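Worksheet: the structure to be examined is printed underneath.
The values are calculated or read from the model by the stated rules, or taken from the named source; none is laboratory data. Being a predicted model, the structure only gives us computed values, none of them experimental. When we count neighbours, we look across all protein chains shown, and the Cβ atoms used for this are built from the backbone with ideal geometry, even at glycine. Please note that ligands, DNA and RNA were not included when accessible areas were found on the heavy atoms of the full protein model with its side chains. Shrake-Rupley method; radii C 1.70, N 1.55, O 1.52, S 1.80 Å.
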Amino acid sequence: VPVYEKDGQVLYESGILCDFFEEVYGNGELYPKDPYQKAKAKILMDSATKVTGPYYKLLFGKPDESKKKEAIEDLQKYLKTLEERLENKFFAGSSVGMVDYYLWPHIERMAGLGMAVEADLMPKDKFPKLSAWISEKTTPGVKATMFSDEHHKIFVESVKNGKANFDYGL
């Protein structure tokens, strides 16, 4: 969970911080101007919590095959929702927006987790739009700060081995 602290004031939670930074430091271009479209963007961002349950079942659990299959199905059900919402190059249309930045870390981890649990969590034939979106790497800033699939795999394996290396790659 990200935390921001300045002058003794503390804020936390990803969505809250996204809004705060956009309001304080942004130029007002990361959310759609239309209030209805902005609300829909926030709903989609809020729905990202649906990925965490199945993700963490696969990450921390030692699930039997049926539980692993169930977690993968739950994860892919959520990914299907994202696939359907991705109507253009980006979630907000033809340019990158807050939804893209917010969802990126969740989707970025899929390939590495899949490698570690020996499952294709986001097959290109099932999720062609998401696959194209992730291959774009969103922006130069994302490209500069992202981790490789192999990096995520090594981290996941460290967690599964009971020796989580939270500093790997730093």
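Are there any pairs, at least 6 apart or on different chains, whose C-beta atoms fall under 8 Å, with the first in the stretch 10-26 and over 13 Å from Tyr102 (Cα atoms) and the second open to solvent by 60 Å² or more (accessible area, probe 1.4 Å) and β-branched (Val, Ile, Thr), and if so, which?
Once the first residue is over 13 Å from Tyr102 (Cα atoms) and sits in the stretch 10-26, its partners that are open to solvent by 60 Å² or more (accessible area, probe 1.4 Å) and β-branched (Val, Ile, Thr) give Val10/Val3; Leu11/Val3; Tyr12/Val1; Tyr12/Val3.
May I ask you to list pairs of residues, at least six apart or on different chains, whose Cβ atoms are under 6 Å apart, with the first in the stretch 50-67 being farther than 17 Å from Met110 by Cα and the second being open to solvent by 100 Å² or more (accessible area, probe 1.4 Å)?
Matching pairs, first to second residue: none at all.
Anything in the stretch 7-31 that is open to solvent by less than 100 Å² (accessible area, probe 1.4 Å) and over 25 Å from Ser95 (Cβ atoms)? List them, or say none.
Result: Gly8, Val10, Leu11, Glu13.
Being open to solvent by less than 50 Å² (accessible area, probe 1.4 Å), among the polar types (S, T, N, Q) and modelled with pLDDT of 80 or more is the filter here, so list the residues in the stretch 139-170 that pass it.
Ser158
How many residues are open to solvent by 100 Å² or more (accessible area, probe 1.4 Å) and either at pLDDT 90 or above or charged (D, E, K, R) (or both) when one looks only at the stretch 36-60?
Residues meeting the conditions: 5.
From (1) within 23 Å of Lys33 (Cβ to Cβ); (2) open to solvent by less than 30 Å² (accessible area, probe 1.4 Å), pick out the condition that doesn't hold for Ser94.
(2)
Working only within the stretch 61-82, note down all residues that are among the small types (Gly, Ala, Ser), open to solvent by 60 Å² or more (accessible area, probe 1.4 Å) and at pLDDT 85 or above.
Result: no residue meets the conditions.
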